[in-house]
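So the structure is just underneath, and the comments pick up after that.
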Amino acid sequence: MNLSLNEWEALAKKALRGAGLPWGIAEVAAKLSRTAVVKDHKIVEDLADWVALCDIQSMSGPKAVFQDTIRPAKTAKFLCPILTGIAIWDAEYSSSDLHGLNFENLVFPRLLGMFIDNIVSQPLAQNRSEFVGCTFDQDAHAQGNNVTVYLMPEKTCHAPRDLASRLDLTPDLHQLFASYALRTYAPATEASRLLGAGAGLTDNE
Amino acid sequence: MHPHQIASAENLKLRPAETVMRLSRMGSFHQSRLSFMRILLRRLKDEAWTFSRPRFDIDENGVGVGVYTAQGPDRAYSLVAFAHDLPAEKRSDRVIADAWDATFTLFDGIPTQADIDRLAQNVPYQEAGRISETELSLSRANRSVRLWEHVVEALAANRQPDVQMIERVGYLMRTTAVYGSGKFGAADRESIAMRPEFAAPFQVEMLSVYLTRTFVRDLVQQMADHKAGGQAARLDPEIAQQLGIGNSTGLGMAPFLINHPDLLNNWVKARETALARVLSVSAPSQEAISVFRDVLRRSAASLRAWRSVHPMQIEKLDVLWADLPKIEAYVVEKGDDLVWSDLLIWAEATVGQDAQEWLVSLVLEPYGDLVDDLVTTMSVQNTSPTPLKGRMSVQDLSYHVNTQYAWALDLDWKATENCARAWYVSEEKLEPRLGERFEEPIEAYEQPLDPGRAVARMAQDLAEFEPSACVAEFLVKYPEHRLAAARVQGVNTAPYSEIRDNTIAAKMMPIDMLRCKLSFFGAIHFDPRSDRWVRICMYNNAPYPEDLQTQDADLWVYPQETHV
């Protein structure tokens, strides 16, 4: 399915909310994902895996920011890349703050990269489609890993390529995101249809 | 020196958001020079756009396709219109409808037959179909059955339709949704936002509706011709010009204003800046006063012809109509000594909000040279989220909460009447709805459209947090408050971005939000059908494309008294 980026953002926002994120965080992550998904389609796959993981694993945002190592809250097994990404973005980290920063038991680091991309405004690293301007020393996924951010030296960067303005989503992935988005919709009832809506039922005049 | 000797920009005093952004006032806004329909028509005329109808294949049942092309200096756009034979029982303005009298898309360029074939397989199904990045909008319209049949019958009988009936209804078809900005596969706004013709907000949608009006006029004539075997009367151009395109707007527009705070700020700020610029003209010229008197007279006649069946709107109209003679008398009394700032101060003390906001719109009219450049400030181009100022202290954030949201902190949020409603989206065609929190099982699905309550809740947790800590640390502990924190910081720099009223109160009127947005579109004669949906008319009295170069493309919204 070929989606406009607006469609993708709307779908992602609702799916992230459906997976349990607060609205304000789902909204920011979905907006940031607009450009991330056309740079790197693996972001879409990681987001799909992440929403599915939300139902079965304990994840949290960081216990604290402004630390050399960012750790999950005590109650959680894994560090959520989106809550963590928002936290370091909100903490207004500089590029030098980020370089060498460690994350403990982080899942899906590419998703953290969406936020780092917006902190580090460097062009795309050659042969590194994962993130703009940074890479990690581990490609942790659902199992979680300790990872460290390495900013790419400027000399290895080159000008950004022209980015597509659409997103091709497989039917399976679309269905997965739609199933989480569905959690944000109230079931249709006759009372809701009659009382809650914004137009008359018969407009044949 | 500027010809009107306005105060320098830094000295302009804008009306405070605490005054302007109250729901009752937003629900009293009127169209103005900065309304999107008027912005579009001024541009089309200034740039001498040309129009053609390369295709119009409609059969005797009113079924077929029409293509209308608008050619600008650099690009062409085509309305591809599909006309359908809709059974009466399927005619509904609700989002949940699945068939319409006519369906449309605005095509980026001139469509080939292959494009039209593809669109014919999708556009008639609206949300159930798919369009592509070569399409800019998707819309549909239903007939006003009474007026449609009357006009077809009259023309087929070789006579003109009843003018009073035309005036009473105002449109032959009403749109029930006009989707743009990437919806259902259409091109994203950012892909076209750099084109000058789409720099102002909602220009794609306004162009689509403008061309739709012409299609509807042509369609009704075609139906009459078929009925009369080609012997029908031609619809009188003066009558045709009175016809607009109706619009039935429900709850979907209300969340838009809350979900797009930067856009709301830019719209209102442009209008308030325009007002401040005009009020700073200390000695209006005789020419400016003359233009004002002219539009006042014409607009007053239009207001007096405004009809509604809704008790709340009837009550508002009674107040507005009672205020009109007072304003007219004041203007006569002041004669050539009229001063805009004095007029507005007098109005604030003497007439209701509806009349006050009407005057705000009217005093802008003589000053296109002061006002129209503000059009360029009304859009939001950046699709990226605005970073939070996370290093701001909790103490400072609390200060902004206390100064910007005092209205929300003063409310008892445990009181049923203050949180009686909840906004949600139904899984039934994703229709936005407003429910009763304590009577329906909807709270789990609530949309974040209650900024006042959200900020009040955040304030409670802020009060317990270390004041010297930073906002980023606060949000690590309370990520659920991020939306509220972002809104508070946003309001601090964009004061018109927030509605300063409770949007989930038992007595909240969603139509106030609808009117605010529709006034920026350029709508007049709002006709609420309940507290949550409203009918309006667009482009009444506007010149048709073929008349754009010879007629007034700006003040058409104030018809001469014979055409109200």
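The values are calculated or read from the model by the stated rules, or taken from the named source; none is laboratory data. No experiment lies behind these values; they were computed from the predicted model shown. Note: ideal-geometry Cβ built from the backbone for every residue, glycine included; neighbour counts use all protein chains shown.
If you scan the stretch A:90-109, which residues turn out to be surrounded by fewer than 24 Cβ atoms within 10 Å (Cβ to Cβ) and either more than 14 Å from every other protein chain (Cβ to nearest Cβ) or under 14 Å from the mean Cα position of the chain (by Cα) (or both)?
Within the stretch A:90-109, A:Ser95, A:Ser96, A:Leu98, A:His99, A:Gly100, A:Leu101, A:Asn102, A:Glu104, A:Asn105 meet the criteria.
So B:Gly490 clears everything in (1) in contact with a Leu (Cβ under 9 Å, 6 or more places away or on another chain); (2) surrounded by 18 or more Cβ atoms within 10 Å (Cβ to Cβ) except one condition, right? Which one?
(1)
Please go through the stretch B:497-539 and give me each residue that is of a type in the set (Ser, Thr, Tyr), crowded, with 24+ Cβ neighbours inside 10 Å and touching a Pro at 6+ places or on another chain (Cβ under 9 Å), ordered by number.
B:Ser497
Residues B:Leu296, B:Leu251, B:Leu257, B:Leu235: which one is more than 25 Å from the chain's Cα centre (by Cα) and either among the aliphatic types (A, V, I, L, M) or modelled with pLDDT of 95 or more (or both)?
Only one candidate qualifies: B:Leu235.
Whether any residue in the stretch B:393-407 is part of a loop (DSSP other than H, G, I, E, B), of a type in the set (A, V, I, L, M, F, W, C) and buried (at least 16 other Cβ atoms within 10 Å of the Cβ) is what I want to check.
Looking for residues that are part of a loop (DSSP other than H, G, I, E, B), of a type in the set (A, V, I, L, M, F, W, C) and buried (at least 16 other Cβ atoms within 10 Å of the Cβ), one finds none in the stretch B:393-407, hence no.
List every residue pair whose Cβ atoms lie under 6 Å apart, where the two residues are 6 or more positions apart in sequence or sit on different chains, the first residue falls within the stretch B:39-64 and is at positive phi and surrounded by 16 or more Cβ atoms within 10 Å (Cβ to Cβ), and the second residue, located anywhere, is of a type in the set (Gly, Ala, Ser) and outside any loop (DSSP other than H, G, I, E, B).
Taking only residues 6 or more apart or on different chains, the pairs are B:Gly62/B:Ala83; B:Gly64/B:Ala83.
Just checking, which of B:Gly170, B:Gly182 is crowded, with 24+ Cβ neighbours inside 10 Å, at positive phi, in contact with a His (Cβ under 8 Å, 6 or more places away or on another chain) and within 14 Å of chain A (Cβ to nearest Cβ)?
Only one candidate qualifies: B:Gly170.
Please specify each residue of the stretch B:115-164 satisfying the condition of being closer than 30 Å to B:Ala186 by Cα, assigned to a loop (DSSP other than H, G, I, E, B) and away from chain A (no Cβ under 12 Å).
Those that are closer than 30 Å to B:Ala186 by Cα, assigned to a loop (DSSP other than H, G, I, E, B) and away from chain A (no Cβ under 12 Å): B:Gln121, B:Asn122, B:Gly129.
What pairs can you find where one residue is in the stretch A:60-72 and within 7 Å of chain B (Cβ to nearest Cβ), the other is in a loop (DSSP other than H, G, I, E, B), and their Cβ atoms are less than 6 Å apart, with a gap of 6+ or different chains?
A:Gly61/A:Cys80; A:Val65/A:Ala91
Can you tell me which residue within the stretch B:192-204, out of those that are within 14 Å of chain A (Cβ to nearest Cβ) and under 20 Å from B:Phe104 (Cβ atoms), is modelled with the highest pLDDT?
Among residues in the stretch B:192-204 that are within 14 Å of chain A (Cβ to nearest Cβ) and under 20 Å from B:Phe104 (Cβ atoms), the one modelled with the highest pLDDT is B:Val204.
Given B:Thr214, B:Thr176, which one is buried (at least 24 other Cβ atoms within 10 Å of the Cβ) and either of a type in the set (Val, Ile, Thr) or in contact (Cβ under 8 Å) with a residue 40 or more places away in the chain (or both)?
After ruling out the rest, the residue left standing is B:Thr176.
How many residues does the stretch B:77-117 contain that are hydroxyl-bearing (Ser, Thr, Tyr), crowded, with 19+ Cβ neighbours inside 10 Å and modelled with pLDDT of 95 or more?
The qualifying residues number 4.
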